[in-house]
Amino acid sequence: MSRKAFVVGVGMIPFTKPGKSDDYDVMGARAATAALRDADLEYSKVQQAYVGYVYGDSTSGQRALYNLGETGIPVVNVNNNCATGSTALWLARQAVESGAVECALALGFEQMQPGALKGAWTDRPRPLGRFDEVLEAAAGIDASVPRAAQYFGVAGMEYMEKFGMKAETFAKVQVKARKHSAGNPYSVFRTQLTEDEVMAAPTLFGPVTRYQACPPTCGAAAAIICTEEFARANGLRADVAIKAQSMTSDLPSTFNEGSMIKAVGYDVTASAAHNVYEASGVDPRDIRVVELHDCFTVNEVLCYEALGLVEEGGAEQFILNGDNTYGGRVVVNPSGGLLSKGHPLGATGLAQCAELVWQLRGDAGPRQVDGATLALQHNLGLGGAGVVTLYEKVS
């Protein structure tokens, strides 16, 4: 019989631009130490660790955790593109719920380089080769434009054509992100932007301007997951639990429907969200705070619908009504999201976890969402992996 998994400690370090961070092992150790300190737990009590990163050599997880001590525990290194951090969390939660361990650590870090994402190998098939085929058929491929910007740019164009949305509405998403980010000391960007400034930035592709893409970022975040019995035995705070969680990969619709909206993960997200709502019995309209994967403004708009926060085609009015921010129906990305907080790939999912745990505890400071008892997290990696996690405040 499965057991409930509690998040008893979270930690992260301020995100920075490439070239301004510590090395990955130092960042990882700092975030893990912060999570242990938050839980008031000694590292020797952790029984397994799952460590996520995308750009790094094998066993980098061990290198980072050995800074805390050589305890002999299993350390599993995880690489699942931009969903890497939440994949580590998914594995830690599974280990605890299954009874394999009483306490596990999920850690994510990334030491990124400036510029667009790029693969490390040129002598073998690209993992995203089938996604390129969809892009080629939909709009062609421009070798001078970063591929991710083309994926989401074409998806944005498709959405605009389908529902009549204006390009300026995408820009409003970044304006909102910067407003939220101003209250987050961990964010890369805390200065405000106007809609005109977002729109006037150089165009990457379609409706996507440079300010509408998340920046390459360095950082680390971590979470301690344990059973209620372990928390009680060790005197730990256990007031945030994982109520439901689902990880999905691509479906035939990703490749067979000629839609870049589907290719960038719409059905992956919708499938994971459906699993979570079905397992938990929660209506998405009852959720007041969400951290979702806004790698581009386009993806935030798509996720409003894929996560069931609005009906299909309802995203623009949702934005125009201010229902995605404080004073509206749900606060989306109070942290500033990937667009403004930053996106160190391996750390992002665990940074989202940290933000939502702080929200449910009432510890989010100026970002606090009043009355939040449920919190939803969405983390997406093309290639593909989608992880949706629902947290609950436990009295």
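Within the stretch 358-385, take every residue that is in a strand (DSSP E or B) and of a type in the set (A, V, I, L, M, F, W, C) and give me the one that is most open to solvent (accessible area, probe 1.4 Å).
Leu374
Of all residues in the stretch 1-30, how many are open to solvent by 50 Å² or more (accessible area, probe 1.4 Å), in contact with a Cys (Cβ under 9 Å, 6 or more places away or on another chain) and within 19 Å of Gly61 (Cα to Cα)?
Step one: of the stretch 1-30, the residues open to solvent by 50 Å² or more (accessible area, probe 1.4 Å) are 1-4, 14, 17, 19-20, 22-24, 26, 30.
Now drop any that are not in contact with a Cys (Cβ under 9 Å, 6 or more places away or on another chain), which leaves 17, 19-20, 22, 24.
If we keep only those that are within 19 Å of Gly61 (Cα to Cα) as well, we get 22, 24.
Counting residues in the stretch 1-30 that are open to solvent by 50 Å² or more (accessible area, probe 1.4 Å), in contact with a Cys (Cβ under 9 Å, 6 or more places away or on another chain) and within 19 Å of Gly61 (Cα to Cα) gives 2.
Please work out which residue is surrounded by the fewest Cβ atoms within 10 Å (Cβ to Cβ), limiting yourself to the stretch 50-106 and to residues that are out of contact with any strand residue (DSSP E or B) (no Cβ under 9 Å at 6 or more places or on another chain) and in a helix (DSSP H, G or I).
Among them, the one singled out is Ser98.
Pairs only if they're at least six apart or on different chains, beta carbon under 7 angstrom, first in the stretch 185-201 and closer than 28 Å to Met12 by Cα, second charged (D, E, K, R) and open to solvent by 80 Å² or more (accessible area, probe 1.4 Å); list them, first residue then second.
Listed pairs, sorted by first residue: Val188/Lys17; Gln192/Lys179.
Go through the stretch 363-392 residue by residue and tally those that are farther than 20 Å from Ser181 by Cβ and touching a Lys or Arg at 6+ places or on another chain (Cβ under 9 Å).
Residues flagged as farther than 20 Å from Ser181 by Cβ and touching a Lys or Arg at 6+ places or on another chain (Cβ under 9 Å) within the stretch 363-392 amount to 7.
Name every residue in the stretch 150-174 that is surrounded by fewer than 23 Cβ atoms within 10 Å (Cβ to Cβ), aliphatic (A, V, I, L, M) and assigned to a helix (DSSP H, G or I), in order of residue number.
Correct list: Met157, Met160, Ala167.
Given the conditions (1) farther than 24 Å from Leu339 by Cα; (2) in contact with a Gly (Cβ under 9 Å, 6 or more places away or on another chain); (3) in a strand (DSSP E or B), report the number of the one that Ala220 does not fulfil.
(1)
Rundown of residues vs (1) among the aliphatic types (A, V, I, L, M); (2) within 23 Å of Val198 (Cα to Cα); (3) open to solvent by 20 Å² or more (accessible area, probe 1.4 Å); (4) at pLDDT below 95, yes/no style:
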site	(1), (2), (3), (4)
Leu251	yes, no, yes, no
Val264	yes, yes, no, no
Val276	yes, no, no, no
Ala279	yes, no, yes, no
Cys303	no, yes, no, no
Glu316	no, yes, yes, no
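Report yes if Glu392 is at pLDDT 95 or above, in a strand (DSSP E or B) and more than 17 Å from the chain's Cα centre (by Cα), otherwise no. It would help to see each step written out before you state the result.
Values: at pLDDT 95 or above: yes; in a strand (DSSP E or B): yes; more than 17 Å from the chain's Cα centre (by Cα): yes.
Answer is yes for this residue.
Exactly one condition in (1) touching a strand residue (DSSP E or B) at 6+ places or on another chain (Cβ under 9 Å); (2) free of Cβ contacts under 8 Å to residues at least 24 places away in the same chain is false for Asn256; which is it?
Unmet condition: (1).
In the stretch 131-148, what residues are touching a residue at least 40 places away in the same chain (Cβ under 8 Å) and either surrounded by 15 or more Cβ atoms within 10 Å (Cβ to Cβ) or in a loop (DSSP other than H, G, I, E, B) (or both)? Lay out the reasoning, then the answer.
As a first pass, look at the stretch 131-148 and keep what is touching a residue at least 40 places away in the same chain (Cβ under 8 Å): 131, 133-135, 137-139, 142, 145-146, 148.
Within the stretch 131-148, Phe131, Val134, Leu135, Ala138, Ala139, Asp142, Val145, Pro146, Ala148 meet the criteria.
List the residue pairs whose Cβ atoms are under 9 Å apart, where the first residue sits in the stretch 43-64 and is free of Cβ contacts under 8 Å to residues at least 24 places away in the same chain, the second is assigned to a helix (DSSP H, G or I) and surrounded by fewer than 21 Cβ atoms within 10 Å (Cβ to Cβ), and the two are 6 or more positions apart or on different chains.
Asp57/Arg63
Considering the stretch 102-138 alone, what residues qualify as being among the aliphatic types (A, V, I, L, M) and at pLDDT 95 or above? Walk me through it before giving the result.
Kept after step one, since they are among the aliphatic types (A, V, I, L, M), are these residues of the stretch 102-138: 104-107, 112, 116-117, 120, 128, 134-135, 137-138.
Within the stretch 102-138, Ala104, Leu105, Ala106, Leu107, Leu128, Val134, Leu135, Ala137, Ala138 qualify.
Looking at the stretch 41-84 only, could you name the residues that are touching a Cys at 6+ places or on another chain (Cβ under 6 Å) and β-branched (Val, Ile, Thr)?
Selection gives Val46 alone.
For the stretch 31-38, state whether one or more residues are open to solvent by 10 Å² or more (accessible area, probe 1.4 Å) and in a loop (DSSP other than H, G, I, E, B). Let's see the steps before the verdict.
Quick first cut of the stretch 31-38, residues open to solvent by 10 Å² or more (accessible area, probe 1.4 Å) only: 33-34, 36-38.
From what is left, the residues that are in a loop (DSSP other than H, G, I, E, B) are none.
Looking for residues that are open to solvent by 10 Å² or more (accessible area, probe 1.4 Å) and in a loop (DSSP other than H, G, I, E, B), one finds none in the stretch 31-38, hence no.
Could you check the stretch 67-96 and list, in sequence order, the residues that are over 16 Å from the mean Cα position of the chain (by Cα) and not small (Gly, Ala, Ser)?
Listed by number, the residues that qualify are Asn67, Leu68, Glu70, Thr71, Ile73, Pro74, Val75, Val76, Asn77, Arg93, Gln94, Val96.
The values are calculated or read from the model by the stated rules, or taken from the named source; none is laboratory data. Because the structure is a prediction, the values reported are computed rather than measured. Cβ sites come from the backbone with ideal geometry, for glycine too, and all protein chains shown count toward neighbours. Surface areas here come from the heavy atoms of the whole protein model, side chains and all, with no ligands, DNA or RNA. Shrake-Rupley method; radii C 1.70, N 1.55, O 1.52, S 1.80 Å.
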